[in-house]
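Novice: Please find one structure pasted underneath; my questions will follow.
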Amino acid sequence: MTFSTKFEVVELKKPSGAKGYLMKIDMEPKMPKLYVKLQLGSGKIIGRSFHYAEH
């Protein structure tokens, strides 16, 4: 399996002005993309949001 996706840098609402990283990952052909938002902080990766992207 090969995994490749691009990150988009976004501004988070909480904490206000913090930098987040957004990915929209292709799943199976008939499934919507998976929306994943991450935040880097204190040497850790923090999962902020995980859900299917809206059409």
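The values are calculated or read from the model by the stated rules, or taken from the named source; none is laboratory data. Just so you know, these numbers come straight off a predicted model, no measurement behind them. Every residue, glycine as well, gets a Cβ built from its backbone with ideal geometry; the counts of neighbours run over all protein chains shown.
Novice: Based on this model, can you work out whether Glu11 counts as among the charged types (D, E, K, R) and touching a Lys or Arg at 6+ places or on another chain (Cβ under 9 Å)?
Specialist: Values: among the charged types (D, E, K, R): yes; touching a Lys or Arg at 6+ places or on another chain (Cβ under 9 Å): yes.
So Glu11 fits the description; yes.
Novice: How do the pairs read when you match residues in the stretch 12-26 that are farther than 15 Å from Ile45 by Cα with residues anywhere that are assigned to a loop (DSSP other than H, G, I, E, B), using Cβ under 8 Å and keeping only pairs 6 or more apart or on different chains?
Specialist: Hits for this filter: Lys24/Thr5; Lys24/Lys33; Lys24/Ala53; Ile25/Thr5; Ile25/Lys33; Asp26/Thr5; Asp26/Lys33.
Novice: Right, next: I'd like the residue in the stretch 1-32 that is within 11 Å of the chain's Cα centre (by Cα) and of a type in the set (D, E, K, R) and, out of all such residues, is modelled with the lowest pLDDT.
Specialist: Taking the stretch 1-32 first, the residues within 11 Å of the chain's Cα centre (by Cα) are 5-10, 20-25.
With the extra rule that they be of a type in the set (D, E, K, R), the set shrinks to 6, 8, 24.
Numbers: Lys6: 85, Glu8: 93, Lys24: 89.
Of everything passing the filter in the stretch 1-32, Lys6 is modelled with the lowest pLDDT.
Novice: Taking the criterion of being out of contact with any Lys or Arg (no Cβ under 8 Å at 6 or more places or on another chain), part of a loop (DSSP other than H, G, I, E, B) and surrounded by 11 or more Cβ atoms within 10 Å (Cβ to Cβ), would at least one residue in the stretch 34-51 satisfy it?
Specialist: Within the stretch 34-51, none of the residues are out of contact with any Lys or Arg (no Cβ under 8 Å at 6 or more places or on another chain), part of a loop (DSSP other than H, G, I, E, B) and surrounded by 11 or more Cβ atoms within 10 Å (Cβ to Cβ).
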